[in-house]
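The values are calculated or read from the model by the stated rules, or taken from the named source; none is laboratory data. What you see is a predicted model, and the numbers here were worked out from it, not measured in a lab. All Cβ positions, even for glycine, are placed from backbone atoms using ideal geometry, and neighbour counts span all protein chains on display.
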Amino acid sequence: MRQIIIDCDPSPDDAVAFLLALASPEELNVLAITTVAGNVPLPLTSKNARKALELAKRTETPVYAGASAPLLRKLITAEHVHGRTGFDGYELPEPTMALTKGFAPEAIVDLVMQRKAGEVTLCCLAPLTNIALALAKEPRLGTHVREIVLMGGAFSEGGNITPAAEFNVFVDPEAAARVLSCGAPITMIPLDCTHQARTTNARMEKLRAFGTPVAEAFYHLLKFNKIFDEQKYGWEGGPLHDATVIAYLLAPEIFTGRKVYVNVECASPLTLGMTVVDWWGVTENPKNVQFLRDVNADRYFDLVIERLGRL
């Protein structure tokens, strides 16, 4: 069984990801959920994580709050996509479970370093501030984890917050650059891949048909959450980005990509946060990322929907 920590900024996508993991106890053990400012400010991401856990009756999972702002920059959020709360579209009760005491980056260090090297996988669904802070506290972290699997970046698909940059990397490019150079085995799932995995009406109705509180809530939450993408791109539904990280751990065979060198632009006003992907190996830089460009979307949604139906 793989030991994982899920670092996130919960909108519905993030919550689907950690609920997918919690619905897969034979394969994954969720040591903790850590929250960071991103889609919405930290108090809301921390609240949304607990709302989803209470809905699924998984309140034994510890939730640690982390960084409330990027390493060097002013926080940029995405209420224009996710709504004012980050969980707009379906009313869930205020959570009663408390946050676990402690600062998320410190909890990440403790949970990783108290175990043998190669045991813990970091699943990163958000700006990478918490991971960068954990690396600053414990520089050996990168070589002690089993791997880092992250949703972020883009190549030929372009950006979704600027023409060049994907949101998670753009919010804290310095943190992303630090993580990419930390020495850990890294798998990156960019927009090129996640944009193939869309919440079509048929897929959403299949989820709703389970008739459980989790299925009904996430039917509505995702329907609202994908309105922005439908209007922006003209698609039916929108990408279910973050759950690709957990799906990759459960079914890596449904993804394809290659090992490449990736770095992050941290200076240019024009391309800030751009992930520069050496897909063709035109430099001699060492390949530091397994970069996934394709996913079998039908198999992905079959997995996600079946597991959510267990909750």
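So in the range 103-158, with the set limited to residues that are assigned to a loop (DSSP other than H, G, I, E, B) and charged (D, E, K, R), which one is farthest from residue 2 (Cα to Cα)? Full working, then the answer.
The initial filter retains those residues of the range 103-158 that are assigned to a loop (DSSP other than H, G, I, E, B), namely 103, 114-119, 125-128, 138-140, 145-146, 152-158.
Next, from what is left, pick out any that are charged (D, E, K, R): 115-116, 119, 138, 140, 146, 157.
Values: 115: 12, 116: 13, 119: 7, 138: 22, 140: 20, 146: 9, 157: 31 Å.
That would be 157.
Looking for something under 19 Å from the mean Cα position of the chain (by Cα), surrounded by 15 or more Cβ atoms within 10 Å (Cβ to Cβ), in contact (Cβ under 8 Å) with a residue 24 or more places away in the chain and farther than 30 Å from residue 80 by Cβ - is there at least one such residue anywhere in the range 261-282?
Looking through the range 261-282, none of the residues is under 19 Å from the mean Cα position of the chain (by Cα), surrounded by 15 or more Cβ atoms within 10 Å (Cβ to Cβ), in contact (Cβ under 8 Å) with a residue 24 or more places away in the chain and farther than 30 Å from residue 80 by Cβ.
Select from the range 230-255 the residues that are part of a helix (DSSP H, G or I), without any contact (Cβ under 8 Å) to a residue 40 or more places away in the chain and within 22 Å of residue 86 (Cβ to Cβ) and list them in ascending order.
So in the range 230-255, the residues part of a helix (DSSP H, G or I) come out as 230-233, 243-250, 252-254.
Right, trim to without any contact (Cβ under 8 Å) to a residue 40 or more places away in the chain and you get 230-233, 252-253.
230, 231, 232, 233, listed by residue number.
Give 207, 191, 180 a once-over and let me know the one that is surrounded by 21 or more Cβ atoms within 10 Å (Cβ to Cβ) and at pLDDT below 95. Walk me through it before giving the result.
Numbers: 191 fails: at pLDDT below 95; 180 fails: at pLDDT below 95.
So the residue among 207, 191, 180 that is surrounded by 21 or more Cβ atoms within 10 Å (Cβ to Cβ) and at pLDDT below 95 is 207.
Taking the criterion of being in contact with a strand residue (DSSP E or B) (Cβ under 9 Å, 6 or more places away or on another chain), in a loop (DSSP other than H, G, I, E, B) and surrounded by fewer than 18 Cβ atoms within 10 Å (Cβ to Cβ), would at least one residue in the range 78-98 satisfy it?
yes
Tell me yes or no: at least one residue of the range 283-295 is outside any loop (DSSP other than H, G, I, E, B) and surrounded by fewer than 16 Cβ atoms within 10 Å (Cβ to Cβ).
First, pick out the residues of the range 283-295 that are outside any loop (DSSP other than H, G, I, E, B): 289-295.
Now restrict to residues that are surrounded by fewer than 16 Cβ atoms within 10 Å (Cβ to Cβ): 294.
Yes: one or more hits.
Working only within the range 147-176, note down all residues that are within 22 Å of residue 118 (Cα to Cα) and either more than 16 Å from the chain's Cα centre (by Cα) or without any contact (Cβ under 8 Å) to a residue 60 or more places away in the chain (or both).
Scanning the range 147-176 gives 147, 148.
Would you pick out the residues in the range 165-211 that are of a type in the set (Val, Ile, Thr) and outside any helix (DSSP H, G or I)?
186, 187, 189, 199, 200 - these are the residues of the range 165-211 that are of a type in the set (Val, Ile, Thr) and outside any helix (DSSP H, G or I).
Condition first: among the polar types (S, T, N, Q) and over 20 Å from the mean Cα position of the chain (by Cα). Now tell me which residues in the range 283-311 satisfy that. Write out each step before concluding.
As a first pass, look at the range 283-311 and keep what is among the polar types (S, T, N, Q): 283, 285, 288, 290, 296.
Once the filter is applied, which keeps residues that are among the polar types (S, T, N, Q) and over 20 Å from the mean Cα position of the chain (by Cα), the range 283-311 yields 283, 285.
Considering only residues that are surrounded by 24 or more Cβ atoms within 10 Å (Cβ to Cβ), touching a strand residue (DSSP E or B) at 6+ places or on another chain (Cβ under 6 Å) and either of a type in the set (A, V, I, L, M) or outside any strand (DSSP E or B) (or both), which ones fall in the range 23-61?
Across the range 23-61, the qualifying residues are 33, 45, 46, 49.
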